[in-house]
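Asks: Here it is: the structure, laid out below.
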């Protein structure tokens, strides 16, 4: 039986234990992580927390909806492998939520999906298996990435570990929002809160490249027992020209080489950025965006008009 629980009904200890031991484990699914990126999240639970499906819930058009939050790349079904038909989780999902604009699910979940229940949009992430010596990983870089790494190293960047995310946010605001439109202040506040929660757990690393004492580029990395995740980055024109990000990412790859980890680039569906990630020798990892719209027809029309207007204004 699959139960639907609101946030205040969840047994955090049992839930987090299920996520921690799951073959599909991801840091995004832990209760304390979801409390930051999706306050008021809910969950579908099977049995005594044998399997769980965390649901990032927000209100849209006055209706409780499942919407993938920022800084939470994938979720889905977590728990012990089972031969049982897991489509009942997705049936329960549609039963409890009439509107699911976007729910991004792990590749491990896709074999159990009944595509007739929901719309599935295939997406591609890029990951690098770090269980090899650094020299072998470096050999997998593209020719251009190796050239740019050499150029970046000649720049003699001052690379530093820091606990301050604010300089990276400032760089992103000033130099990295072109093509994506205005970024709401709430997004930056969410990143600040997330870093503040991760730092006492020692599950975040912030590394910057400086010149003349000024931060010109930087990366934020999440760390967990099975993968390290490239969560956020930014760079000034000088940092981009000097290949500072390439130098920082290469340092991380060198430090984590020969460990039982995957380096997760969190690739967006933007070819130039995906190509950058592939140039480090990363392989494709497919996942899906799940969507379902059971809203009344007038509301669906209104939603379509609003979406069209937003896209029109964004590309003017």
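Asks: How many residues does segment 236-252 hold that are crowded, with 21+ Cβ neighbours inside 10 Å, closer than 22 Å to residue 125 by Cβ and touching a strand residue (DSSP E or B) at 6+ places or on another chain (Cβ under 8 Å)?
Replies: Residues meeting the conditions: 3.
Asks: Any idea which of (1) surrounded by 14 or more Cβ atoms within 10 Å (Cβ to Cβ); (2) in the same structural domain as residue 144 (by TED's automatic domain parsing); (3) free of Cβ contacts under 8 Å to residues at least 24 places away in the same chain is the one residue 212 doesn't satisfy?
Replies: Checking residue 212 against (1) surrounded by 14 or more Cβ atoms within 10 Å (Cβ to Cβ); (2) in the same structural domain as residue 144 (by TED's automatic domain parsing); (3) free of Cβ contacts under 8 Å to residues at least 24 places away in the same chain, the one that fails is (1).
Asks: Which members of segment 11-27 meet the condition of being part of a loop (DSSP other than H, G, I, E, B) and loosely packed, with under 14 Cβ neighbours inside 10 Å?
Replies: The initial filter retains those residues of segment 11-27 that are part of a loop (DSSP other than H, G, I, E, B), namely 11, 22-26.
Once the filter is applied, which keeps residues that are part of a loop (DSSP other than H, G, I, E, B) and loosely packed, with under 14 Cβ neighbours inside 10 Å, segment 11-27 yields only 23.
Asks: Another question, if that's okay. Go through segment 156-175 and give me each residue that's surrounded by fewer than 17 Cβ atoms within 10 Å (Cβ to Cβ) and either modelled with pLDDT of 95 or more or not in a helix (DSSP H, G or I) (or both). Break it down into steps so the answer makes sense when it comes.
Replies: First, the residues of segment 156-175 that are surrounded by fewer than 17 Cβ atoms within 10 Å (Cβ to Cβ): 156, 158-164, 166, 170, 173-174.
Within segment 156-175, 156, 158, 159, 160, 161, 162, 163, 164, 166 meet the criteria.
Asks: Just to be sure before I move on: is residue 266 within 26 Å of residue 26 (Cα to Cα), touching a residue at least 40 places away in the same chain (Cβ under 8 Å) and not in a strand (DSSP E or B) in the structure I sent? Reasoning before the result, please.
Replies: Working: within 26 Å of residue 26 (Cα to Cα): yes; touching a residue at least 40 places away in the same chain (Cβ under 8 Å): yes; not in a strand (DSSP E or B): yes.
Yes, satisfied.
Asks: Please identify the pairs in which a residue from segment 1-22 that is more than 14 Å from residue 47 (Cα to Cα) and outside the structural domain of residue 40 (by TED's automatic domain parsing) has its Cβ atom under 8 Å from the Cβ atom of a residue that is part of a loop (DSSP other than H, G, I, E, B) and at pLDDT 95 or above, counting only partners at least 6 apart or on another chain.
Replies: Final answer for the pair search is none.
Asks: Follow-up. Name the pairs: first residue in segment 269-284 and outside the structural domain of residue 106 (by TED's automatic domain parsing), second residue in a helix (DSSP H, G or I) and surrounded by 15 or more Cβ atoms within 10 Å (Cβ to Cβ), Cβ to Cβ under 6 Å, at least 6 apart or on different chains?
Replies: Listed by first residue and then by second, the contacts come to 279/145.
Results for (1) over 26 Å from residue 228 (Cα atoms); (2) in contact with a strand residue (DSSP E or B) (Cβ under 7 Å, 6 or more places away or on another chain), shown as yes or no for each residue.
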| residue | (1), (2) |
| --- | --- |
| 26 | no, no |
| 29 | no, yes |
| 34 | no, yes |
| 47 | yes, no |
| 62 | yes, no |
| 67 | no, yes |
| 89 | yes, yes |
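Asks: Please pick out the residue among 258, 269, 285 that is closer than 30 Å to residue 205 by Cβ, modelled with pLDDT of 85 or more and surrounded by fewer than 13 Cβ atoms within 10 Å (Cβ to Cβ).
Replies: Working: 269 fails: modelled with pLDDT of 85 or more; 285 fails: surrounded by fewer than 13 Cβ atoms within 10 Å (Cβ to Cβ).
Step by step, each of 258, 269, 285 is checked, and only 258 is closer than 30 Å to residue 205 by Cβ, modelled with pLDDT of 85 or more and surrounded by fewer than 13 Cβ atoms within 10 Å (Cβ to Cβ).
Asks: Determine whether residue 135 is over 22 Å from residue 285 (Cα atoms) and either at pLDDT 95 or above or in a strand (DSSP E or B) (or both). Steps first, answer last, please.
Replies: Working: over 22 Å from residue 285 (Cα atoms): yes; either at pLDDT 95 or above or in a strand (DSSP E or B) (or both): yes.
For residue 135, the condition - over 22 Å from residue 285 (Cα atoms) and either at pLDDT 95 or above or in a strand (DSSP E or B) (or both) - is met.
The values are calculated or read from the model by the stated rules, or taken from the named source; none is laboratory data. Because the structure is a prediction, the values reported are computed rather than measured. Neighbour counts are summed over all protein chains in view; Cβ atoms, including those assigned to glycine, are modelled from backbone coordinates with ideal geometry.
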